[in-house]
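Scroll down for the structure; my scribbles are underneath it.
What follows is calculated from the coordinates using simple rules that are stated; it is not laboratory data. Since we're looking at a predicted model, the values are computed, not measured. Because the Cβ atoms are built from the backbone with ideal geometry, glycine has one as well, and the counts that use them run over all protein chains shown.
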Amino acid sequence: MIEQRRAEFAALAGEVAACRKCAAMCGRRPVLSELNGAVGARVMFVGEAPGRQGGDRTRVPFSGDQSGRNFERYLASVGLTREEIFITNAALCNPRTGTGANRRPTRSEVENCSEFLRRQVEMVDASVVVTLGAVSLAALRAVEYHQLSLKENVGRVHAWHGRWLVPLYHPSPQVLASHRREAAQLEDYKAVAVALRRAERGGGRAPQEIKRGSKRS
Ligand code: SF4
C-alpha cells in the first residue's frame with residue numbers, strides 16, 4: 001500500500017515538473033520531490049509558495065532563508081524534525097514580481113495548483129495537516145470545503161476531511177513583525193502536538209465533520 005502511494009507520488013512529481021499551467025511561472029521549477037518529505041508522514045505542512053532564496057533555490061520547502069529558519073525553530077519547539085514531516089506549498093512554483101522579488105501567488109495560480117495539492121493530501125495521507133498562512137488555509141477549501149479563517153481559528157485543532165487540521169500563521173519575518181510575534185507563534189504550535197495526540201488516540205483519523213476547534217488535548 002505504502003509502496004503504491006510512493007510510486008504514485010513519484011509519478012505526480014514527474015507530472016508537476018512538466019506543468020506549464022501558470023504563464024507567470026514559466027522559467028520556474030516546481031518544488032515537489034522526495035525532498036518534501038516522506039509519503040506516509042504523520043504531519044503535512046502546507047505553505048504559500050516557495051521563496052526565491054528558500055525552496056526555489058534549495059528545492060526543499062522552508063529551507064535556506066529566514067522563513068525556513070523560523071519554521072525549523074517552531075518545529076523543534078514541539079519536538080518534531082524534518083524527517084517526520086511532509087511539507088509542500090499551495091502553489092508549487094515561486095511567484096515573482098517584475099523586479100524579481102517574491103510575491104503572493106494569485107488566486108488563479110493557487111487554483112491551477114489545487115488538483116496537485118488534493119493529490120498530495122491523499123497520497124501522503126497524514127493524520128494532521130497544518131497550514132502556514134491564510135493562502136494555504138484557503139487553498140484547502142478546494143480539497144475539502146471548510147469555513148475556517150486564520151484570524152479566528154489560528155492555533156486550534158479542527159476535524160477536516162478525516163484528519164486534524166491546525167491553521168497557523170506563516171513564519172516569514174514580515175508576518176512575525178506585523179501579524180504574529182514569536183511568542184504567539186510558539187504558543188500556536190502547541191496545537192500541532194495536541195492534534196498529534198488526538199490522532200494517536202483515534203487511530204490516526206479524525207471525525208469527518210468540522211467541529212468547533214479546541215486548544216485542549
Ligand atoms: S504553480 Fe502549480 S499549476 Fe502553476 S505552473 Fe507551477 S506547478 Fe503548475
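Can you give the FRET efficiency for Tyr145 and Glu83, using 1/(1 + (r/R0)^6), R0 = 35 Å, r = Cβ-Cβ distance, to the nearest 0.05?
Details: r = 32 Å, r/R0 = 0.92.
The pair Tyr145/Glu83 has a calculated efficiency of 0.60.
Take every pair of alpha-carbon atoms less than 8 Å apart whose residues are at least six positions apart; their mean separation over the length of segment 2-201 yields a relative contact order of 22 percent. Judged by the mean number of other Cβ atoms found within 10 Å, the most tightly packed of the peptides 78-90, 59-71 leads the ranking 59-71, 78-90.
Taking all Cα pairs closer than 8 Å and separated by 6 or more residues, the relative contact order of segment 1-71 comes to 23 percent. Taking the helices alone, the chain has a mean residue ellipticity at 222 nm of -12000 deg cm²/dmol, built from -39,500 (n - 2.57) per DSSP H run of at least 4 residues and averaged over all its residues. Spin-label model, Thr106/Ile2: points 7 Å from Cα along the beta carbon direction are separated by 4.2 nm.
Rounded to the nearest whole Å³, what is the per residue volume of the convex hull around the Cα atoms of the chain?
Numbers: hull volume 23.7 nm³, N = 217.
So the per-residue Cα hull volume is 109 Å³.
One compactness figure for segment 73-169 is 1.11, namely its Cα radius of gyration divided by 2.2 N^0.38 Å.
Amide H contacts for Val129 (H built 1.01 Å from N in the peptide plane; partners 5 or more residues away or on another chain; cut-off under 5 Å): Met44, Trp164, Leu165, Val166. Loop-located chymotrypsin sites (Phe, Trp or Tyr not before Pro) in segment 133-182 (DSSP state not H, G, I, E or B) with no more than 15 neighbouring Cβ atoms inside 10 Å: Tyr145. Centre-to-centre separation between the Cα atoms of segment 64-83 and those of segment 106-182: 17 Å. Among beta bridges identified by DSSP and lying wholly in segment 94-217, the antiparallel ones come to about 50 percent.
Where Lys and Arg each count +1 and Asp and Glu each count -1, what net charge lies around Ser127 among other residues with Cβ under 12 Å from its Cβ?
On the way: positive: Arg42, Arg163, Arg197, Arg198, Arg201, Arg205; negative: Asp125, Glu200.
Spelling it out: positives minus negatives among the neighbours equals +4.
Potential lengthening of the chain between Ala17 and Arg201 amounts to 62.5 nm, from the contour at 0.36 nm per residue minus the alpha-carbon distance.
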